[in-house]
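Data first, discussion second: the structure below is written as structure tokens.
The values are calculated or read from the model by the stated rules, or taken from the named source; none is laboratory data. The structure presented is a predicted model; accordingly, all values stated were derived computationally and were not measured. Here Cβ is always computed from backbone atoms with ideal geometry, including for glycine, and neighbour counts include all displayed protein chains.
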Number of protein chains: 2
Amino acid sequence: MRDIVGVEAELYEYLFSEFKRIAGNRGFQPVITPTVEYYRLFEAKSGEEIKNSMYVFEDKAGRLLALRPEVTASVVRVYLRLLRALPKPIRLYYIAQCFRYEEPQHARYREFWQGGLEILGDPDVNADLSVALTASEFLDTIGVKHVYIVGNVSIYRNIMRSFNIEEEVQDRILHLIDKEKIDSAIEEVKLRGGSEAAEIIYKVLSARTLDDVESYLQDLRTTLGDLYEKTLQEHARTRDFITALQELGYQVVFNPKLVRGLAYYTGLIFEYKAVDKGLEVSIGGGGRYDGLSVVYNGPFEYFTGLALGLDRIALTLSDNFQSQRKRTVCVIVLREVPASAGYRVLRSIPPVFRGFVYRTRSLSKGLEHANKTGCDYVVIIGSAEYEQGKVTVKDMKTGEQVTLSVNSLSEYLHSVT
Amino acid sequence: MRDIVGVEAELYEYLFSEFKRIAGNRGFQPVITPTVEYYRLFEAKSGEEIKNSMYVFEDKAGRLLALRPEVTASVVRVYLRLLRALPKPIRLYYIAQCFRYEEPQHARYREFWQGGLEILGDPDVNADLSVALTASEFLDTIGVKHVYIVGNVSIYRNIMRSFNIEEEVQDRILHLIDKEKIDSAIEEVKLRGGSEAAEIIYKVLSARTLDDVESYLQDLRTTLGDLYEKTLQEHARTRDFITALQELGYQVVFNPKLVRGLAYYTGLIFEYKAVDKGLEVSIGGGGRYDGLSVVYNGPFEYFTGLALGLDRIALTLSDNFQSQRKRTVCVIVLREVPASAGYRVLRSIPPVFRGFVYRTRSLSKGLEHANKTGCDYVVIIGSAEYEQGKVTVKDMKTGEQVTLSVNSLSEYLHSVT
């Protein structure tokens, strides 16, 4: 766990507010879910790695709780509980801290911040594009160059289903692929679905282009049977997604080996890579999780979404981030003057300025504080000024100083804006 | 625990952003502390009630952790760890969810949101005024009329100290006063400090005005000994605080029985009351916690701060809060048109509009969705429009419709702004 202070905290607040602003501008509405959920919410479909690194504990009534490792499961729960009657698609965003229990590593924190976008109830690739391009708008705005890595797990799931490999085993095999243990994954497919299944999966995993995958798919028409049409459609989604991103100027890499860590993905998946100090790093990703509502005993629904890792993004930006502070006025009130006089003056300062009151026995101490804290102007209220309804304004950069009536301070500050 | 969705979530986001904006404008800087802290951080000085209702659990390494019940203890920890070298006073703000384990009641949630302001390293009443008036500015801005209730626990602590009542017992006695168990409190003072102590405490508790307290204090010069001057100074702080607030137009009630639930308060304390549906409710408060750094093995330092209960404030506003949504444009892309065309148009829409892309086979379905989701304009891209580089714009209120080139859409929308 970590404390975030100073310019780093300002950077986080900047990321939070820009994410919220851009998501709001693109029609996403906020959702705030609990930090603590029942463990069972994450048990089914979070994936091996997340499950093994959750903070799990019992409350006083003996219920098994978890600090959320991610927010998507909560969003599906909220959808089933509160949002089913809304016109679809439903567009939601969140900023939320999530938790994992593991040994601390560089840029991996036990408490970490996610910015997420989810679209509920839309089977069209437009939903995938909408979350992806809103995230891209955010990344473009904050100045993070990024590349898309795109894959689709549905083809693997459908092939395995055709060979009667059950969903839980599929999840495990996909997990092995995610861990780049291709040999073990193929071994497992062979064990559960036979050597033909293993051969096909291996072939698709080794594809170089979307056209390769398409030609393999054509050979699988009989093998896939009823699932053939669906698989073709999912393949078309991958193509449409990639084409649209490219047409909008983004760099996209198709990678059939891409399988993300979460077990709930069912189709298109994608990841964002950015370059930080010469290294390529993953800064988030997402994909389709159609039908996750069924796992929570609800009716089938279409879902897509993504989450960005805001800690990784903050780290990428930290070297170049400048505190975006407004110009600051320090109102120095000498001790013999009533404190309220300082606040009356403070409240008359135009909102384009940041300002606060410093009360002191000695003017020089006040000026020193204003200087140390980077103030642009000081407004001095000594007893002489106070009695005459005046203030002295000093420009800290030029050293220029002027005494004027309290009533004309606002006008004066407007004039130097 | 609870899910916050729809207009309620928008209200929360509005409160968060206004609080951050106003705190930032008043020179407070963000601090982000962990949601999970070691239990021992809260053990010493959180107060009986909070301690008994914490979420406490062990991690896999057997360390006793707690979901934070409040943030001030963390801020002091962060000060000692990271901020001691900064020029003082240090001004910090936070928005953070906190946790208590208790049976759910009306407007008391197990996970609740606090907006806090803290000033570190300033003994002057100006620090108390600065946090208080910044909170008032926030409450005024969001339209919450509020009254201050002001007390000061230092006089009780100093009297008890003079009678050799140790700090832990002081905390317990103050807790009884907080629970309005005045008789039990006096009983305890009598038991631990004798009947003279009990008499004095009872007298001060029954004071009606600041002048009453002052005259009692004068009689205590010899009893208080070394603590007399300090107690007088604290009394003067109460008076200065109240006077300044009144001079700035706030209503203030002096209440010597005010003792807040937290055991770390050492001097001036205050509470905000608002009226919600005819009932007076507490929406937050704060006070001096000078020396809390010593409890955490640091050097003595001056501290003051406050926290507002944002859930209570949200409830107060919920009846009148209007979603402050920008005017919204729905870009309807018919299925035969590439999805990217919709996003190219979306990105050309002026930022004063909110906008999203809806892709559909049928225009009427698109119009229905735009209508249901309260869109102000739709921009239609069918295949005819697409081929000619045009769009059709429809004003959903007037029904007026115009076809224009993609390039002039931005200009058109500016003209209707």
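Below is a table of values for the structure above.
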quantity	calculated
Condition check for B:Glu70: more than 9 Å from chain A (Cβ to nearest Cβ), within 28 Å of A:Tyr343 (Cβ to Cβ) and among the charged types (D, E, K, R)	yes
Some residue of region B:124-133 being under 25 Å from the mean Cα position of the chain (by Cα), at pLDDT 95 or above, hydrophobic (A, V, I, L, M, F, W, C) and outside any helix (DSSP H, G or I)	no
Every residue from region B:237-279 that is free of Cβ contacts under 8 Å to residues at least 60 places away in the same chain and assigned to a strand (DSSP E or B)	B:Asp276, B:Leu279
Search result, residues across region B:38-74 that are free of Cβ contacts under 8 Å to residues at least 40 places away in the same chain and within 20 Å of the chain's Cα centre (by Cα)	B:Phe42, B:Leu67, B:Arg68, B:Pro69
Residue within region B:328-338 that is outside any helix (DSSP H, G or I), over 30 Å from B:Asn407 (Cα atoms) and at pLDDT 95 or above present	no
Hits in region A:324-353 - residues which are more than 9 Å from every other protein chain (Cβ to nearest Cβ), over 26 Å from B:Ile242 (Cβ atoms) and surrounded by fewer than 21 Cβ atoms within 10 Å (Cβ to Cβ)	A:Gln324, A:Arg327, A:Pro350, A:Val352
Conditions (1) out of contact with any Leu (no Cβ under 8 Å at 6 or more places or on another chain); (2) surrounded by 18 or more Cβ atoms within 10 Å (Cβ to Cβ); (3) over 20 Å from B:Val31 (Cβ atoms); number of the one not met by A:Ile4	(3)
Selected residue (only one of A:Glu118, A:Glu58, A:Glu111, A:Glu37 is closer than 16 Å to A:Tyr265 by Cα and of a type in the set (Asp, Glu))	A:Glu118
Filter result for B:Glu180 (within 34 Å of the chain's Cα centre (by Cα) and either surrounded by fewer than 20 Cβ atoms within 10 Å (Cβ to Cβ) or of a type in the set (D, E, K, R) (or both))	yes
Any hit, region B:50-60, residues being buried (at least 21 other Cβ atoms within 10 Å of the Cβ), closer than 21 Å to A:Ser53 by Cβ and of a type outside the set (Lys, Arg)	yes
Residue satisfying all of: in region B:309-320; surrounded by fewer than 18 Cβ atoms within 10 Å (Cβ to Cβ) and not polar (S, T, N, Q); nearest to B:Phe16 (Cα to Cα) among these	B:Leu317
Top-ranked residue of region B:63-118 - restricted to ones that are of a type in the set (Asp, Glu) and surrounded by 16 or more Cβ atoms within 10 Å (Cβ to Cβ), ranked as farthest from B:Ser282 (Cα to Cα)	B:Glu118
Close pairs from region A:396-409: first without any contact (Cβ under 8 Å) to a residue 24 or more places away in the chain and not assigned by TED's automatic domain parsing to the domain that holds A:Ile349, partner surrounded by 13 or more Cβ atoms within 10 Å (Cβ to Cβ) and acidic (Asp, Glu), Cβ under 9 Å, at least 6 apart	none
Residue within region B:15-25 that is among the hydroxyl-bearing types (Ser, Thr, Tyr) and in contact (Cβ under 8 Å) with a residue 40 or more places away in the chain present	no
Odd one out for B:Phe356, checked against (1) within 11 Å of chain A (Cβ to nearest Cβ); (2) aromatic (Phe, Trp, Tyr); (3) more than 16 Å from A:Pro87 (Cβ to Cβ)	(3)
Residue that is surrounded by the fewest Cβ atoms within 10 Å (Cβ to Cβ), among those in region B:359-378 that are away from chain A (no Cβ under 11 Å) and polar (S, T, N, Q)	B:Ser364
Residue check for A:Ser362: touching a helix residue (DSSP H, G or I) at 6+ places or on another chain (Cβ under 8 Å) and not assigned by TED's automatic domain parsing to the domain that holds A:Leu41	no
Top-ranked residue of region B:20-49 - restricted to ones that are small (Gly, Ala, Ser) and at pLDDT 90 or above, ranked as surrounded by the fewest Cβ atoms within 10 Å (Cβ to Cβ)	B:Gly24
Qualifying residue in region B:392-410 (condition: out of contact with any Phe, Trp or Tyr (no Cβ under 9 Å at 6 or more places or on another chain), at the interface with chain A (Cβ under 9 Å from one of its Cβ atoms) and either of a type in the set (D, E, K, R) or not in a loop (DSSP other than H, G, I, E, B) (or both))	no
Pick from region B:280-308, criterion under 19 Å from B:Val253 (Cβ atoms) and either aromatic (Phe, Trp, Tyr) or buried (at least 17 other Cβ atoms within 10 Å of the Cβ) (or both), ranking: farthest from the chain's Cα centre (by Cα)	B:Arg288
Condition met for A:Tyr156 (crowded, with 19+ Cβ neighbours inside 10 Å and closer than 28 Å to A:Glu49 by Cβ)	yes
Whichever residue in region B:1-33 is facing another protein chain (nearest Cβ under 8 Å) and among the hydroxyl-bearing types (Ser, Thr, Tyr) and, among such residues, is nearest to B:Glu118 (Cα to Cα)	B:Thr33
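Table: residues versus (1) under 30 Å from B:Asp128 (Cα atoms); (2) among the small types (Gly, Ala, Ser).
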site	(1), (2)
B:Val294	yes, no
B:Gly298	yes, yes
B:Arg312	yes, no
B:Leu315	yes, no
B:Asn320	no, no
B:Ile381	no, no
